[in-house]
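Right, one structure below, let's go through it.
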Amino acid sequence: MYIQADELLEVMSQRNLIELTNDESRATEINLAVAEKACIHACEIVDGYLRSRYLTPLNTVPTIVRNIALQLARFWLYSRRPEGSKFPDNVKDTHAQALKDLERIQNGKLHLGLPTLADGNDDHVLGEAKFQTRSKPKMDLTGY
């Protein structure tokens, strides 16, 4: 995993994390199971975007991937609330930016500094079909 539950405190206050992970109104501690679920969800989204370009899970986690995962996990925690439509603007904005960054990584516009699948380190990728096709030679129409 690219992030751990305790790292969520870098992007939100402890009070918010307690409130978002616990369904009890008077909770005083972070529900680690829910926080871990948010981290897993975020990491799976990251892997879903990066899978077409990099071998996942990444062995080395660049800071940008870690930050993206933190923003996605925070958004997931807010979304599990019944009043989820009232997201703070900062949460919505950073979530949208995280998804844009993932798309830029996926499209090769933002590089992680890691070897890609296209670098030729491995001629095959599990789950990817390789086909070689033969077509008829092109017809010469230069005399028309």
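The values are calculated or read from the model by the stated rules, or taken from the named source; none is laboratory data. Note that the structure is a prediction, hence the values are computed from the model and not measured. Note: ideal-geometry Cβ built from the backbone for every residue, glycine included; neighbour counts use all protein chains shown.
Only one of VAL65, VAL61 is aliphatic (A, V, I, L, M), under 30 Å from PRO115 (Cβ atoms) and outside any helix (DSSP H, G or I); which?
Exactly one of VAL65, VAL61 is aliphatic (A, V, I, L, M), under 30 Å from PRO115 (Cβ atoms) and outside any helix (DSSP H, G or I), namely VAL61.
Taking THR142 as meeting all but one of (1) under 30 Å from MET12 (Cα atoms); (2) modelled with pLDDT under 90, write down the number of the exception.
(1)
Return the residues of region 17-35 that are crowded, with 17+ Cβ neighbours inside 10 Å and not β-branched (Val, Ile, Thr); say none if nothing qualifies.
Once the filter is applied, which keeps residues that are crowded, with 17+ Cβ neighbours inside 10 Å and not β-branched (Val, Ile, Thr), region 17-35 yields LEU17, GLU19, LEU20, ASN31, ALA35.
Here is a check on your reading of the model: is ASP89 surrounded by fewer than 10 Cβ atoms within 10 Å (Cβ to Cβ) and modelled with pLDDT of 80 or more?
So ASP89 passes the test.
How about region 33-51: which of its residues are closer than 19 Å to ASP101 by Cβ and not in a loop (DSSP other than H, G, I, E, B)?
ALA38, CYS39, HIS41, ALA42, CYS43, GLU44, ILE45, VAL46, ASP47, GLY48, TYR49, LEU50
In contact with a His (Cβ under 9 Å, 6 or more places away or on another chain), at pLDDT 95 or above and of a type in the set (D, E, K, R): which single residue out of ARG66, ARG74 fits that description?
After ruling out the rest, the residue left standing is ARG74.
Report yes if GLN106 is more than 19 Å from ARG51 (Cα to Cα), touching a residue at least 24 places away in the same chain (Cβ under 8 Å) and within 11 Å of the chain's Cα centre (by Cα), otherwise no.
no
How do the pairs read when you match residues in region 18-32 that are part of a loop (DSSP other than H, G, I, E, B) with residues anywhere that are aliphatic (A, V, I, L, M), using Cβ under 7 Å and keeping only pairs 6 or more apart or on different chains?
ALA27/ILE18; THR28/ILE18; GLU29/ILE18; ILE30/LEU17; ILE30/ILE18
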